[in-house]
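Asks: Mind looking over this structure? Questions follow.
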Amino acid sequence: MHSFAWWPTLIVLSVATFTDLRSRRIPNWLVVPFMVLGLVASAWLHGWHGLGQAFAGLGLALLLYGFLFWMGGMGAGDVKLAAAIGAWIGPNQLFFALIVTAMVGGIMALGWAVWGGFLKELLNGASDLTFGLGNKEVREEMTLGNKKKHKMPYAPAIAIGTLLSFFAH
């Protein structure tokens, strides 16, 4: 299944990265059909077991990235993209992809903050978000809807982490 998923995943990740870099959005017209096709392809190639693995991958992404979305640290497009990828590659490969994605995303965020001159603000914001979870003011300030906060497109990190996961599995 994983080799079968390579080309569709590569194409969708390329388009998602381009649109996220350009407009800070990952369109539903891209990820929803990709998610449905991942479920169908998994069921077609591996029967009920494949469908179960596809739903497990989708659920893992929704659980982990959904929490980050709820905390205000990630956009809904990133969550849907990760869920669609999970439908194609299943939970085992997805777990590895998400770990690599987190490392790549952290490196990108640090580089982005240094380049943009707001490293101190980034580190203070991460500290406030981590240690101020019960503080409503901190949670409202740290949301993606806050126009004063710097927003980094995360699709490139998801793309790199996912594509590297194909070589590890």
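Asks: Can you find a residue that is of a type outside the set (Phe, Trp, Tyr), farther than 30 Å from Val36 by Cβ, exposed (fewer than 15 other Cβ atoms within 10 Å of the Cβ) and at pLDDT 80 or above anywhere in the stretch 102-109?
Replies: Yes: one or more hits.
Asks: Just name the residue that is nearest to Phe166 (Cα to Cα) out of those in the stretch 1-18 that are of a type in the set (S, T, N, Q) and surrounded by fewer than 20 Cβ atoms within 10 Å (Cβ to Cβ).
Replies: Ser3
Asks: Does Gly86 satisfy the condition of being surrounded by fewer than 24 Cβ atoms within 10 Å (Cβ to Cβ) and either within 14 Å of the chain's Cα centre (by Cα) or small (Gly, Ala, Ser) (or both)?
Replies: no
Asks: Separate question: Among the residues of the stretch 105-116, are any of a type in the set (A, V, I, L, M), closer than 18 Å to Leu163 by Cβ and touching a His at 6+ places or on another chain (Cβ under 9 Å)?
Replies: no
Asks: If you don't mind, another one. Can Lys120 be described as within 24 Å of Gln53 (Cβ to Cβ), basic (Lys, Arg) and in a helix (DSSP H, G or I)?
Replies: no
Asks: For the stretch 19-29, give me the residue count where each residue is out of contact with any Leu (no Cβ under 7 Å at 6 or more places or on another chain) and surrounded by 13 or more Cβ atoms within 10 Å (Cβ to Cβ).
Replies: Residues that pass the stated criteria total 5.
Asks: Right, something else. Say we look at the stretch 30-46 and pick out the residues that are hydrophobic (A, V, I, L, M, F, W, C), within 19 Å of Ala61 (Cβ to Cβ) and exposed (fewer than 15 other Cβ atoms within 10 Å of the Cβ); which of these is nearest to the chain's Cα centre (by Cα)?
Replies: Among them, the one singled out is Val32.
Asks: Let me ask something additional. Is the stretch 46-54 home to any residue that is within 15 Å of Ile158 (Cα to Cα), at pLDDT below 95 and of a type outside the set (A, V, I, L, M)?
Replies: Among the residues of the stretch 46-54, not one is within 15 Å of Ile158 (Cα to Cα), at pLDDT below 95 and of a type outside the set (A, V, I, L, M), which makes the answer no.
Asks: Under 9 Å by Cβ, and 6 or more places apart or on different chains, what pairs join a residue from the stretch 95-109 that is without any contact (Cβ under 8 Å) to a residue 12 or more places away in the chain with one that is assigned to a helix (DSSP H, G or I) and not basic (Lys, Arg)?
Replies: Cβ pairs passing all conditions: Gly106/Ala157; Ile107/Ala157.
Asks: Among the residues of the stretch 72-93, how many are farther than 23 Å from Leu21 by Cβ and out of contact with any His (no Cβ under 9 Å at 6 or more places or on another chain)?
Replies: So the answer is 2.
The values are calculated or read from the model by the stated rules, or taken from the named source; none is laboratory data. Predicted model, so just to flag it, every value in this text is computed and none were measured. Note: ideal-geometry Cβ built from the backbone for every residue, glycine included; neighbour counts use all protein chains shown.
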